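Q: Please find one structure pasted underneath; my questions will follow.
The values are calculated or read from the model by the stated rules, or taken from the named source; none is laboratory data. Keep in mind the model is a prediction, meaning the values are calculated, not measured. Every residue, glycine as well, gets a Cβ built from its backbone with ideal geometry; the counts of neighbours run over all protein chains shown. Areas reflect the complete protein model, heavy atoms only, side chains present, ligands, DNA and RNA absent. Shrake-Rupley method; radii C 1.70, N 1.55, O 1.52, S 1.80 Å.
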Amino acid sequence: MNAFINGKEVRCEPGRTILEAARENGHFIPTLCELADIGHAPGTCRVCLVEIWRDKEAGPQIVTSCTTPVEEGMRIFTRTPEVRRMQRLQVELLLADHDHDCAACARHGDCELQDVAQFVGLTGTRHHFPDYARSRTRDVSSPSVVRDMGKCIRCLRCVAVCRNVQGVDALVVTGNGIGTEIGLRHNRSQSASDCVGCGQCTLVCPVGALAGRDDVERVIDYLYDPEIVTVFQFAPAVRVGLGEEFGLPPGSSVEGQVPTALRLLGADVVLDTNFAADLVIMEEGTELLQRLRGGAKLPLFTSCCPGWVNFAEKHLPDILPHVSTTRSPQQCLGALAKTYLARTMNVAPERMRVVSLMPCTAKKEEAARPEFRRDGVRDVDAVLTTREFARLLRREGIDLAGLEPSPCDDPLMGRATGAAVIFGTTGGVMEAALRTVYHVLNGKELAPVELHALRGYENVREAVVPLGEGNGSVKVAVVHGLKAARQMVEAVLAGKADHVFVEVMACPGGCMDGGGQPRSKRAYNPNAQARRAALFSLDAENALRQSHNNPLIGKVYESFLGEPCSNLSHRLLHTRYGD
Ligand code: HC0
Ligand code: SF4
């Protein structure tokens with residue numbers, strides 16, 4: 001089909017919208033609600049206006065390009081004075097009941113509404129009703145996600161991602177007319193609702209209406225308190241996402257720059273969550289073998305993703321007996337810091353603050369769980385998402401991109417294997433676990449070490465993995481995205497699945513695309529494959545590829561824990577969800 005955009009002839013497939021045809025041919029049209037990657041084009045923001053001429057007699061018409069199909073011979077204009085005037089008016093209307101406190105907004109410098117206002121040449125806002133903005137709901141009940149309706153432009157992207165991608169369906173449209181808001185089903189608060197804290201809505205929100213809770217101020221308090229010993233840990237996925245916040249190409253690893261940055265901030269001890277991922281493999285691998293031998297409930301489901309654990313607890317509690325009792329690496333490292341490390345450093349645990357850098361908003365809620373504190377002291381005191389950590393660095397004047405790399409503090413918990421770093425992508429926990437389970441059963445390493453059968457990207461994938469001579473094979477599944485998790489759980493509960501081990505990550509892609517990672521404007525996770533390749537490279541470059549070969553893991557068992565699943569490990573590294 002032929003049409004004309006700004007006087008240039010273009011060809012496009014029948015059925016394409018004007019917006020799609022313009023994008024394919026390099027013509028920019030602003031949008032605030034449409035998000036092609038999640039199939040969302042509700043036509044509510046009305047800033048994608050264009051002028052079209054079907055024929056001379058009909059004259060010009062102004063239409064929304066995201067909902068209007070291209071027709072043969074159609075003449076389309078994206079920048080006429082009338083289009084720009086109407087787009088400006090539309091942005092003015094969006095700003096009329098919007099909270100204008102932009103300098104204090106979580107999205108300061110990263111706001112799609114500001115970008116569009118600049119694009120359409122807005123020079124002032126003639127109509128502003130701040131009382132409307134102030135009267136809107138501001139819900140700070142959740143440790144993970146803050147919902148500030150004074151900033152909402154009702155694009156409905158959050159509703160779409162929560163419903164169609166995650167299958168959680170916590171968010172609904174409430175009220176009508178000027179009173180329209182995005183609320184929680186049954187009018188609940190965020191914390192009392194079906195929300196699982198995954199933060200996927202914060203990745204698609206074009207403004208600051210849904211954001212991760214900001215704990216930066218608390219961490220600055222810890223850093224500048226001379227009485228406090230600060231212990232930092234950073235997750236596998238943070239190292240392959242954070243660089244994007246400092247202008248580095250997607251897929252850059254800043255594994256060495258993070259410890260340097262933390263020391264510049266004044267951190268006393270810098271540890272790697274990957275060490276604890278290796279430890280989790282020892283504990284969870286042992287748990288799997290015990291279940292295989294002892295007839296306990298199978299399949300075993302992983303438990304390191306707190307969005308998934310929340311989902312199981314709130315939506316599918318019958319699956320909880322299948323969920324591993326091993327705590328997540330974040331929590332295992334926190335528990336060991338306040339016991340093993342505190343003892344070695346001769347520091348009272350009450351004087352220590354453990355801060356995690358995580359790609360995840362739900363990790364904040366996990367760290368706040370009552371079962372993860374001993375004698376009233378939390379194992380992990382604060383969690384900063386990757387975006388928050390970037391904000392902290394900027395506030396302290398540190399440019400990560402220019403830093404020399406340096407290692408973590410090695411002696412106790414600063415080293416990890418390649419098996420640990422791939423935890424950050426979907427399938428990685430399963431691959432790491434099977435490398436070690438194979439070794440336990442055969443006394444030799446799995447070869448080749450990479451399990452490519454697990455490295456697809458479908459939301460549910462299955463593999464039958466041979467476990468060596470005389471040990472048969474195991475059927476496993478890897479699931480990412482909660483919509484897929486629901487399908488898997490329903491199949492298990494209905495007795496229609498014969499897997500022995502299932503990995504679940506709440507966020508599509510796994511932690512590397514977690515709700516706390518750097519977000520992209522006008523796109524949903526466009527850097528997923530680059531981040532994933534970077535994690536696999538970090539594994540391949542590591543001289544140690546199996547968790548059981550981490551010498552520091554041997555040391556912690558020898559000098560402190562005893563053996564995997566010992567009484568002490570049970571006290572410090574395990575829990576029961578849903579009790
Ligand atoms: Fe993950 Fe984790 S791998 S959940 O995806 O297991 O957040 O990156 O830190 O705890 O290690 C997130 C990432 C972690 C934990 C680890 C696990
Ligand atoms: Fe839905 Fe996740 Fe946002 Fe909660 S955090 S509202 S579950 S998308």
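Q: In this structure, is THR31 within 32 Å of the chain's Cα centre (by Cα) and in contact (Cβ under 8 Å) with a residue 60 or more places away in the chain? I'd like the intermediate steps shown before the answer.
A: On the way: within 32 Å of the chain's Cα centre (by Cα): yes; in contact (Cβ under 8 Å) with a residue 60 or more places away in the chain: yes.
When the stated conditions are applied, THR31 passes them.
Q: Let me ask you something else. Do any residues in the range 263-274 that are within 24 Å of ILE553 (Cα to Cα) have Cβ atoms under 8 Å from those of residues that are among the charged types (D, E, K, R) and more than 15 Å from ligand 1 (Cβ to nearest atom), where the two are at least six apart or on different chains, and which pairs are they?
A: Qualifying pairs under 8 Å: VAL269/ASP409; VAL270/ARG263; VAL270/ASP409; LEU271/ASP409.
Q: Within the range 393-410, can one find any residue that is under 30 Å from ARG486 (Cβ atoms) and buried (at least 17 other Cβ atoms within 10 Å of the Cβ)? First the steps, then the outcome.
A: Step one: filter the range 393-410 for residues under 30 Å from ARG486 (Cβ atoms), giving none.
Checked the range 393-410: no residue is under 30 Å from ARG486 (Cβ atoms) and buried (at least 17 other Cβ atoms within 10 Å of the Cβ).
Q: I need the full set of residues from the range 56-109 which are at pLDDT 95 or above, more than 21 Å from GLU9 (Cα to Cα) and touching an Asp or Glu at 6+ places or on another chain (Cβ under 7 Å), in order please.
A: GLU82
Q: I've got another one for you. Would you please name the residue that is farthest from LEU320 (Cα to Cα), looking only at residues in the range 560-577 that are surrounded by 13 or more Cβ atoms within 10 Å (Cβ to Cβ) and within 27 Å of the chain's Cα centre (by Cα)?
A: Looking at residues that are surrounded by 13 or more Cβ atoms within 10 Å (Cβ to Cβ) and within 27 Å of the chain's Cα centre (by Cα), I get LEU572.
Q: Being open to solvent by less than 50 Å² (accessible area, probe 1.4 Å), part of a helix (DSSP H, G or I), within 16 Å of ligand 2 (Cβ to nearest atom) and among the basic types (Lys, Arg), is that true of even one residue in the range 415-437? Reasoning before the result, please.
A: Kept after step one, since they are open to solvent by less than 50 Å² (accessible area, probe 1.4 Å), are these residues of the range 415-437: 416-437.
So of that shortlist, the ones also part of a helix (DSSP H, G or I) come out as 418-424, 428-437.
Narrowing further to those that are within 16 Å of ligand 2 (Cβ to nearest atom): none.
Checked the range 415-437: no residue is open to solvent by less than 50 Å² (accessible area, probe 1.4 Å), part of a helix (DSSP H, G or I), within 16 Å of ligand 2 (Cβ to nearest atom) and among the basic types (Lys, Arg).
Q: Moving on to the next point. Kindly provide the set of residues from the range 293-303 that are within 16 Å of ligand 1 (Cβ to nearest atom) and hydrophobic (A, V, I, L, M, F, W, C), ordered by number. Show your work before the answer.
A: Of all residues in the range 293-303, those within 16 Å of ligand 1 (Cβ to nearest atom) come to 300-303.
Within the range 293-303, LEU300, PHE301 qualify.
Q: Any residue at all in the range 24-40 that's touching a strand residue (DSSP E or B) at 6+ places or on another chain (Cβ under 6 Å), open to solvent by 10 Å² or more (accessible area, probe 1.4 Å) and not in a loop (DSSP other than H, G, I, E, B)?
A: First, the residues of the range 24-40 that are touching a strand residue (DSSP E or B) at 6+ places or on another chain (Cβ under 6 Å): 25, 27.
Subset that is open to solvent by 10 Å² or more (accessible area, probe 1.4 Å): 25, 27.
Those still in the list that are not in a loop (DSSP other than H, G, I, E, B) too: none.
For the range 24-40, residues touching a strand residue (DSSP E or B) at 6+ places or on another chain (Cβ under 6 Å), open to solvent by 10 Å² or more (accessible area, probe 1.4 Å) and not in a loop (DSSP other than H, G, I, E, B): absent.
Q: Another question, if that's okay. Just to verify a result, which residue in the range 166-196, among those that are touching a Gly at 6+ places or on another chain (Cβ under 6 Å) and touching a residue at least 40 places away in the same chain (Cβ under 8 Å), is nearest to THR361 (Cα to Cα)?
A: This residue is VAL196.
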